[in-house]
1. Rounded to whole Å and ordered largest first, report the semi-axes of the equivalent ellipsoid of the range 7-159 derived from its Cα gyration tensor (root of 5λ).
2. Nearest 5 is fine: what % of DSSP beta bridges in the range 7-159 come out antiparallel, could you say?
3. Give me the distance between the Cα centres of the range 82-127 and the range 1-40, rounded to whole Å.
4. Taking the Cα centre of the chain as the origin, how large is its charge dipole in debye, to the nearest 20, when only Lys and Arg (+1) and Asp and Glu (-1) carry charge on their Cβ atoms?
5. Net charge near Phe21, counting Lys/Arg +1 and Asp/Glu -1 over other residues with Cβ under 10 Å of its Cβ?
6. Tell me the mean residue ellipticity at 222 nm calculated for the chain from its helices only (DSSP H runs of n ≥ 4, each -39500 (n - 2.57), averaged over every residue, nearest 500).
7. Each label point is 7 Å from the Cα along the Cα-to-Cβ direction; what then is the distance between the points at Lys116 and Arg165, in nm?
8. Arrange Val5, Val94 by Cβ neighbour counts within 10 Å, fewest through most, would you?
Amino acid sequence: ENFSVAHECFASPLNSTLPSFGSAFFDTDMFFGSRGSFFDIRRWSDQGRLNFFKGGSFEANPPFVEESMQLMSETIEVILERTEEESLPASFIVIVPAWTDERAHEIMRESRFCQKLIVLEKSQHSYRSGTQHNSIQQYHDAGFRTSIFFLQNTQGAQKWPVTSR
């Protein structure tokens, strides 16, 4: 709420928590509100899909696969650079495993857009199961440390400041 997040970058019709979300399978998920794949940059402004280059506040919890996380972090850098040039506020809250030795983590940690990094210790937080629609237990204790990155361009940091709360 404090960051006015309007879009989940990685979700599905079964686990999205916002009306606007991106998913891997636009061809089938569009009927349930998907705006398309986060990685399909060529079509972001086509066919009703979201155009990240217009700015906004986004949440990204990608598949925990290093190649996907690295591509995501590189793509976020491009979006923040371009929106900064256009003086449009942009903000990403990124939730990934605290795999500090992986390239994706390094890209985000060393980014000039990194406003804050919070690391949650394992078993001190939980995740909503991807099968919550047919599971009795919706939340599961995390068996690993989790990093939460706040990546914002200058205008995004002014519009949605990261505080100690």
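Derivation of every value follows stated rules applied to the coordinates shown; laboratory data play no part. Treat the numbers as computed from the prediction; the structure is a model and nothing was measured. So basically every Cβ, Gly included, is an ideal-geometry build from the backbone, and we count neighbours across all protein chains shown.
1. Its equivalent ellipsoid spans semi-axes of 24, 22, 13 Å.
2. Looking only at bridges with both residues in the range 7-159, the antiparallel portion is about 65 percent.
3. 19
4. 420
5. Charge balance near Phe21 sits at -2.
6. When only DSSP H runs of four or more count, the value is -6500 deg cm²/dmol.
7. For Lys116 paired with Arg165, the spin-label model returns 1.0 nm.
8. By the 10 Å Cβ count, ascending: Val5, Val94.
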